[in-house]
Amino acid sequence: TRTVLWTSHSFLAMTGYAAGEVLGNSPKMLQGENTDARVVNRIRQHLNRAQPVQADVLNYRKGGEPYNCRVAID
């Protein structure tokens, strides 16, 4: 299971979470009913193979409002 180890002030402002609510938790906490499981699985597969990945995923703010997030992991 992957956990959030670091976050920026911009991420906290964008999502509405406090650092203590995010750090140590899985990024899955940002997913919701319309998050595309295929996109999440593709990201997971690349991470498991230690390969870079770029994807657009629908995440949710603390209050439940959806937002598009571009993930770029090298």
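Observations, loosely collected:
- Cβ-Cβ under 9 Å pairs, at least 6 apart or on other chains, region 33-50 side touching a residue at least 12 places away in the same chain (Cβ under 8 Å) and over 20 Å from Arg61 (Cβ atoms), far side among the β-branched types (Val, Ile, Thr) and open to solvent by less than 100 Å² (accessible area, probe 1.4 Å): Arg42/Val53; His46/Val53; His46/Ile73; Leu47/Val53; Leu47/Ile73
- Top-ranked residue of region 45-68 - restricted to ones that are part of a loop (DSSP other than H, G, I, E, B) and either among the charged types (D, E, K, R) or closer than 12 Å to Gln31 by Cα (or both), ranked as nearest to the chain's Cα centre (by Cα): Arg61
- The set of residues in region 1-44 being of a type in the set (Ser, Thr, Tyr), open to solvent by 50 Å² or more (accessible area, probe 1.4 Å) and over 11 Å from the mean Cα position of the chain (by Cα) consists of Thr1, Ser10.
The values are calculated or read from the model by the stated rules, or taken from the named source; none is laboratory data. Since the structure is predicted, the reported quantities are computational estimates derived from the model, not experimental observations. Don't worry about glycine lacking a Cβ; one is built from the backbone with ideal geometry, like all the others, and counts go over all protein chains shown. Note: accessible area is taken over every heavy atom of the protein model, side chains too, but ligands, DNA and RNA are not part of it. Shrake-Rupley method; radii C 1.70, N 1.55, O 1.52, S 1.80 Å.
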